[in-house]
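A short write-up of the structure that comes next.
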Amino acid sequence: MITTASKATPSDIRINNIKSVFNRLFPDVAMSRSQLGKEIGLSRMAISDVTAEMIEHHIIREVGIDNRTGRGKRSMLLTIETAFWRVISIDISQKFILKGALVDLCGRIVERVEAPIDTEKGISPEDVCALIHRLMKITHAQILGIGITLPGIVDDNGEVVRAVHLDWSHVPLQQEIEAKFHLPTQVTNATRMALVAERFFGEGSANSLLIRIGQGVGAALCINDVIVNGQSFIAGEIGHIIVDPNGPLCACGRKGCLETFLSAPRILSQIEQTPQRRTQILSESGQILGRVLAISAGLLDLNDISVYGPPEIVGEAFLGSMREELTTNIASEYRKIPYLHRCQQGEDLALRGQAVHAIQSFVAFIRESTNA
Ligand SMILES: [Zn+2]
């Protein structure tokens, strides 16, 4: 299970049982009631109750008889029901395009819509509502909830505290969308949702870090399968941490922020100026990132680090020297360095991650939402 650590989960046994069953079957596992009961640690009666309720609410379905040979009577297999529910996932992190999708309970995109972004006017919450309307019109399925992801600081209540790239400050987006559509809604940080996608569809693990290299530099952290938000909801915002007090001037007015070394525009413009130094520039950039991450990787005993960025930057020259730097700094007899890899998910990373996060957050509350 992957969650954000914002609030303590209600100690409601029913909700926890639904979540446990769902997470065992997600995204496409088939299991019998008795297997599920054994794995989760529930009695035959308890597992029978929870699965009956989930079947009734179209979260799971019976898929056939378990044909594996063995003693005892053969049992019915259960799997996630993909025909009934959809979540709406919206990604506002792309530069020129607003993306939306209807996603089934296995996290598969069923339908998608896009709207070009007017770069002069920017994006408003109304544009987001318009996209949600379009998605609702093209489906007859029940909507489980809405998830919206964007680059920026989002608090516990889904208020966008600050999103520089959208020029939004203190926009209570979750509240506005919930009031308009009467559906459970969540608003999240896009780098964290990229990490969720990497966890479920890529090579990410329960103790992992994702680094995003784009217009700026950002990170997301997952510890024991909990996404870390931080005290002020800015965990992972490492772009303006100073790594060299004598370094280049940053857009924020200070000198030597991590972004002045590692943002994609910065690296690409260096390569453009001296194309013959391409490999060297990429190696040096990877080395800086390796050095900066060494303490965190060692401190947290991370299993893996994924790097999400333009393929012309995040290649073997970059990753190789990052790996070398980490090895030099933290490898020992007792400690392997984290497994380094490039995100392979493409541009749907945040969109799919947001969908999975919304599914997992809302699935146990279906009874409440359908009664609303
Ligand atoms: Zn800065």
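Packing, as the average of other Cβ atoms within 10 Å across residues, places the peptides 144-155, 204-215 in the order 144-155, 204-215, highest first. Here the chain is assigned +1 on the Cβ of each Lys and Arg and -1 on the Cβ of each Asp and Glu. Its dipole about the Cα centre then comes out at about 880 debye. Got a sec? Which residues in the stretch 145-169 would a label at His133 touch, if it sits 7 Å along Cα→Cβ and we count backbone N under 14 Å? Answer for the stretch 145-169: none.
Each of Met45, Met31, Met193, Met136 has some number of other Cβ atoms within 10 Å of its Cβ, and from fewest to most they run Met45, Met136, Met31, Met193.
Relative contact order (percent) for the chain, with alpha-carbon contacts under 8 angstrom and 6 or more residues of separation?
17
In order along the stretch 129-134, the Karplus-derived 3J(HN,Hα) couplings, from 6.51 cos²θ - 1.76 cosθ + 1.60 at θ = phi - 60°, round to 4, 4, 5, 5, 4, 4 Hz, and Gly and Pro are given as x. Sorting Glu126, Glu259, Glu178, Glu120 by the number of Cβ atoms found within 10 Å of their own Cβ, with the fewest placed first, yields Glu120, Glu126, Glu178, Glu259. Comparing Ile80, Ile13, Ile241 in a Gaussian network model of the chain (Cα springs below 10 Å), the most mobile by mean-square fluctuation is Ile13. Note on Ser48 and Gln280: their simple-model spin labels are 7.4 nm apart, each label 7 Å out from Cα toward Cβ. Pair-distance distribution of the stretch 203-344: all C-alpha pairs, bin width 5 Å, starting at 0; shares per bin in whole percent are 2, 10, 19, 23, 22, 14, 7, 2, 1. Pairs from the list Lys95/Lys137; Lys137/Lys180; Lys95/Lys180 with a Cα-Cα gap above 24 Å: Lys95/Lys137; Lys95/Lys180.
Seen against the Cα atoms of the chain and their longest principal axis, helix 44-56 is set at about 80 degrees. Note on the chain: GNM, Cα springs under 10 Å; of Thr185, Thr79, Thr139, the largest mean-square fluctuation is that of Thr139.
Helical content alone sets the calculated 222 nm signal of the chain at -11500 deg cm²/dmol, taking -39,500 (n - 2.57) per DSSP H segment of four or more residues and averaging over every residue. In this rough spin-label picture, where each label sits 7 Å from Cα along the Cβ direction, the Glu272-Ile13 distance is 6.4 nm. May I ask what percent, to the nearest 5, of DSSP beta bridges between residues of the chain are antiparallel? Within the chain, antiparallel bridges account for around 60 percent of the total. Working note: Karplus 6.51/-1.76/1.60 with θ = phi - 60° gives the stretch 318-332 the couplings 5, 5, x, 6, 5, 4, 4, 5, 5, 4, 4, 8, 10, 5, 8 Hz, where Gly and Pro are set to x. DSSP beta bridges fully contained in the stretch 203-344 are about 55 percent antiparallel. In this calculation the C-beta distance from Asp156 to Cys252 is compared with R0 = 30 Å, giving a FRET efficiency of 0.70. Taking a point 7 Å from the Cα of Asp301 along the Cα-to-Cβ direction, the residues of the stretch 333-361 with backbone N closer than 20 Å to it are 333-340.
Size descriptors for the stretch 228-299: radius of gyration and Dmax over Cα atoms are 13.7, 45 Å. Spatial offset of the stretch 212-243 relative to the stretch 160-182 amounts to 20 Å, using the alpha carbon center of each.
The amide H of Gln186, built 1.01 Å from its N in the peptide plane, has Ile146, Gly147, Ile148 as neighbours under 5 Å, considering only residues 5 or more places off or on other chains.
For the chain, the equivalent ellipsoid built from the Cα gyration tensor has semi-axes of 38, 26, 17 Å, listed from largest to smallest.
Summarising the amide proton neighbourhood of Ala331: residues at separation of 5 or more, or on other chains, whose placed amide H is nearer than 5 Å comprise an empty set.
Under a 5 Å amide H cut-off, with hydrogens placed 1.01 Å from N, Asn229 pairs with Ala5 among residues at least 5 apart or on other chains.
A simple spin-label model places pseudo-atoms 7 Å from Cα toward Cβ; at Ser124 and Ala179 they are separated by 1.5 nm. Here the stretch 220-251 is scanned for amide nitrogen atoms under 19 Å from the site 7 Å beyond the Cα of Glu203 along Cα-to-Cβ, giving 220-222. Dipole magnitude for the stretch 203-344: computed about the Cα centre from +1 point charges on Lys and Arg Cβ and -1 point charges on Asp and Glu Cβ, it is near 300 debye. When each of the peptides 289-302, 322-335 is scored by the mean number of other C-beta atoms lying within 10 Å of its residues, the order from highest to lowest reads 289-302, 322-335.
FYI, it's all coordinate maths here, none of it is from the lab. Worth saying up front: this structure is predicted, and the values here are computed from it rather than measured. All Cβ positions, glycine included, derive from the backbone under ideal geometry; neighbour counts span all protein chains shown.
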